[in-house]
Amino acid sequence: MIGAILGDIVGSPYEFDRGKKIKDFGPLFIDASEYTDDSVMTIAVAEGLLDAGLDADPETIKKAVVKSMKKWGRKYINAGYGQKFIWWLMLADEKPYGSWGNGSAMRVSSAGWLYDTLARTREVARLTAEVTHNHPEGIKGAEATASAIFLARTGKSKEEIKEYVIKEFGYNLARTLDEIRPNYHHVESCQQTVPEAITAFLEGNDFEDVVRCAVSLGGDCDTLTCIAAGIAEAFYGVPEEYKEKTLARIEDDMREVYERFREATDHDDQS
């Protein structure tokens with residue numbers, strides 16, 4: 001989960017196509033590197049899943065996730081949410097609003113770590129999406145991201161992860177980053193973010209290289225890098241220096257949830 005938060009923070013200065021679309025953009029962390037709604041909702045979903053309990057039924061999971069997302073979203077209301085999501089946060093109504101936005105994928109990383117089977121991982125990822133992003137593309141983006149994390153942390157190769165994602169979710173992973181980069185622009189849909197993020201993971205040579213690959217694409221690159229780095233964490237781990245820099249840039253209450261998550265997953269070397 002720390003990888004996803006790191007990706008959000010590192011990508012944040014370059015969102016809205018503000019970067020030069022290069023991998024050599026300087027240090028990962030600069031003064032302008034800060035968490036956004038991606039990190040807030042990553043923390044919120046993790047807390048919701050932990051509060052529900054790992055064996056909870058679907059309705060219990062959904063209620064816990066909604067409660068947590070509304071709590072964290074209202075507390076950090078200026079983190080950069082889309083207008084429809086802000087509207088949802090403020091309403092007492094808990095109904096989803098049919099979104100296919102990439103928010104369902106950027107917040108799901110904890111589901112990739114918490115469960116013992118791929119089937120359960122996919123089920124819970126789907127539930128975390130459905131509370132807001134109940135469009136098929138929104139659900140698919142969350143399931144694909146969580147599945148890639150699960151497969152990476154359980155020892156699958158990049159080729160195996162790629163084949164699974166193509167077979168199960170139908171994403172086009174045939175394009176290279178060099179082919180994607182020239183015409184890629186700021187877009188907030190799952191279908192135009194998740195495949196690109198997975199491609200950045202597949203092409204990267206180590207954790208930092210994946211992050212740089214993702215940022216180099218531009219577009220909604222805090223979210224894209226959040227997704228890519230969340231998968232890269234499960235495959236490579238995160239250098240301790242980068243963990244420390246990431247944790248230093250989030251709030252105390254966020255760090256408390258992260259530590260609770262670490263204890264629950266017992267993946268001390270990576271999560």
Original post:
Among the listed residues 72, 113, which satisfies the condition of being at pLDDT 95 or above, among the aromatic types (Phe, Trp, Tyr), more than 15 Å from the chain's Cα centre (by Cα) and open to solvent by less than 20 Å² (accessible area, probe 1.4 Å)?
Top reply: 72
Subject >> Residue satisfying condition, being touching a Leu at 6+ places or on another chain (Cβ under 7 Å) and in a loop (DSSP other than H, G, I, E, B), within set 49, 54 >> reply: 54
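Looking at 180, 166, which is the one that is in contact with a Leu (Cβ under 7 Å, 6 or more places away or on another chain), among the β-branched types (Val, Ile, Thr), surrounded by fewer than 24 Cβ atoms within 10 Å (Cβ to Cβ) and under 19 Å from residue 140 (Cα atoms)?
Working: 180 fails: under 19 Å from residue 140 (Cα atoms).
The unique qualifying residue is 166.
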Original post:
open to solvent by 10 Å² or more (accessible area, probe 1.4 Å) and hydrophobic (A, V, I, L, M, F, W, C): does that describe residue 119?
Top reply: yes
**OP:** Could you check how many residues of the range 65-95 are hydroxyl-bearing (Ser, Thr, Tyr), over 14 Å from residue 131 (Cα atoms) and touching an Asp or Glu at 6+ places or on another chain (Cβ under 7 Å)?
**Re:** 1
**OP:** Check residue 187 against each of (1) assigned to a helix (DSSP H, G or I); (2) within 16 Å of the chain's Cα centre (by Cα) and name the one condition it does not meet.
**Re:** (1)
**OP:** State all residues of the range 197-214 that are farther than 16 Å from residue 239 by Cβ and either open to solvent by less than 10 Å² (accessible area, probe 1.4 Å) or at pLDDT below 95 (or both); if no residue qualifies, say none.
**Re:** 197, 198, 199, 200, 201, 213, 214
**OP:** Give me a count of the residues in the range 26-56 that are open to solvent by 40 Å² or more (accessible area, probe 1.4 Å), touching a Lys or Arg at 6+ places or on another chain (Cβ under 9 Å), over 16 Å from residue 220 (Cα atoms) and of a type outside the set (A, V, I, L, M).
**Re:** 1
Original post:
What are the residue pairs meeting all of these: first residue in the range 37-54, first residue over 19 Å from residue 123 (Cβ atoms), second residue of a type in the set (Ser, Thr, Tyr) and assigned to a loop (DSSP other than H, G, I, E, B), Cβ atoms under 6 Å, and 6 or more apart or on different chains?
Top reply: 37/81; 40/76
**OP:** Looking only at the range 84-136, count how many residues are touching a strand residue (DSSP E or B) at 6+ places or on another chain (Cβ under 9 Å) and among the charged types (D, E, K, R).
**Re:** 1
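The values are calculated or read from the model by the stated rules, or taken from the named source; none is laboratory data. For clarity, every value in this text was computed on a predicted model and none was experimentally measured. Counting neighbours? That spans all protein chains shown, and the Cβs are built from the backbone with ideal geometry, glycine included. Keep in mind that these areas ignore ligands, DNA and RNA; they rest on the heavy atoms of the full protein, side chains included. Shrake-Rupley method; radii C 1.70, N 1.55, O 1.52, S 1.80 Å.
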